[in-house]
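Contents: one structure, followed by commentary.
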Amino acid sequence: MRVHQAYRYALDPTPEQARLLASHCGASRFAFNWGLNLVKAALSQREAEKSYG
């Protein structure tokens, strides 16, 4: 039997830290969307190559 334990933390950032956290979230979203676009392009290319015969 496994026992799971969790901790909950509350963040109370300073205004500068809040700005940096928001910047980090924006950068990670940009990177995720960039990677997602690459995957979708590869899948579209693969689908198009199937129609070449």
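For this structure, a couple of remarks:
- If the condition is being more than 14 Å from the chain's Cα centre (by Cα), farther than 30 Å from LEU11 by Cα and of a type in the set (A, V, I, L, M), then region 21-53 contributes ALA41, ALA42, LEU43, ALA48.
- Counted residues, region 2-22 - those being assigned to a helix (DSSP H, G or I) and surrounded by 10 or more Cβ atoms within 10 Å (Cβ to Cβ): 6
- Yes/no for LYS50 being surrounded by fewer than 10 Cβ atoms within 10 Å (Cβ to Cβ) and basic (Lys, Arg): yes
- Any hit, region 35-43, residues being in a loop (DSSP other than H, G, I, E, B), surrounded by 10 or more Cβ atoms within 10 Å (Cβ to Cβ) and at pLDDT 95 or above: no
The values are calculated or read from the model by the stated rules, or taken from the named source; none is laboratory data. All of these numbers come straight from a predicted model, not from anything done at the bench. Cβ atoms come from the backbone with ideal geometry, glycine included; neighbour counts cover every protein chain shown.
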